[in-house]
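Inspection log for the structure reproduced underneath, given as structure tokens.
Taken together, the values in this text are just the output of simple stated rules run on the coordinates, not laboratory data. Treat the numbers as computed from the prediction; the structure is a model and nothing was measured. Methodologically, a virtual Cβ is constructed for each residue, glycine included, from the backbone with ideal geometry; neighbour enumeration extends over all protein chains shown.
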Amino acid sequence: MVLSFNDTVRLLQRWQSEQAKVAALYLGKQVSMIARAAIAEFQTNRLALSSPCGEFTCSLHHATFTYEPMLVWPRWPQPPVVPVEGLKIWLEGREVLFLTISEEAELYIDALTLAPAGAGAE
């Protein structure tokens, strides 16, 4: 489902005010990132996430927003693959930032943390 900018702002502000721990998956052209993070800062055209490992910042200037499932593998390497509802932020350059507060995504992050090198989401 496509979200308006205003609906996206309300969702991100709610997660920020609740100090929600979000599961974040960034898929870029040259790099990907997965982390458990908090929304450190949210402004009209900028989003910053922070975690014990560091900070991630992106521009929302030309972004579009959808709220839809993404397939994750919460008990890697055992099945099943499950859909997890979350916010997909489609950034300029066809890069995607997926944010969710679901327990399945938390399990997925934990599984990847413990997975052998080279194992992960496709």
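For segment 1-58, trypsin sites (Lys or Arg not before Pro) are listed when DSSP marks them as loop and at most 10 other Cβ atoms sit within 10 Å of their Cβ; the list is 29.
Net length available on complete extension from residue 55 to residue 11 is 13.8 nm, with 0.36 nm assigned per residue and the Cα-Cα distance removed. What separates the Cα centres of segment 50-96 and segment 6-38 is a distance of 8 Å. Counting other Cβ atoms within 10 Å, which trypsin sites (Lys or Arg not before Pro) in segment 48-96 have at most 15 and lie in a DSSP loop? When the trypsin sites (Lys or Arg not before Pro) of segment 48-96 are filtered for loop state and at most 15 Cβ neighbours within 10 Å, 75, 94 remain.
Using a Förster distance of 22 angstrom, determine the FRET efficiency expected from the C-beta separation of residue 94 and residue 43, and round it to 0.05. Each step should come with its number before you reach the end.
Numbers: r = 23 Å, r/R0 = 1.05.
Efficiency, from the Cβ-Cβ distance: 0.40.
Once fully extended, how much extra length lies between residue 81 and residue 101, figured as 0.36 nm per residue of separation less the alpha-carbon to alpha-carbon distance?
Numbers: separation 20, 0.36 × 20 = 7.20 nm, distance 1.74 nm.
Here the segment from residue 81 to residue 101 would lengthen by 5.5 nm.
For segment 2-114, a simple Cβ point-charge model (Lys and Arg +1, Asp and Glu -1, everything else neutral) yields a dipole of about 160 debye relative to the Cα centre. In segment 2-114, the alpha-carbon atoms span a convex hull of 99 Å³ per residue.
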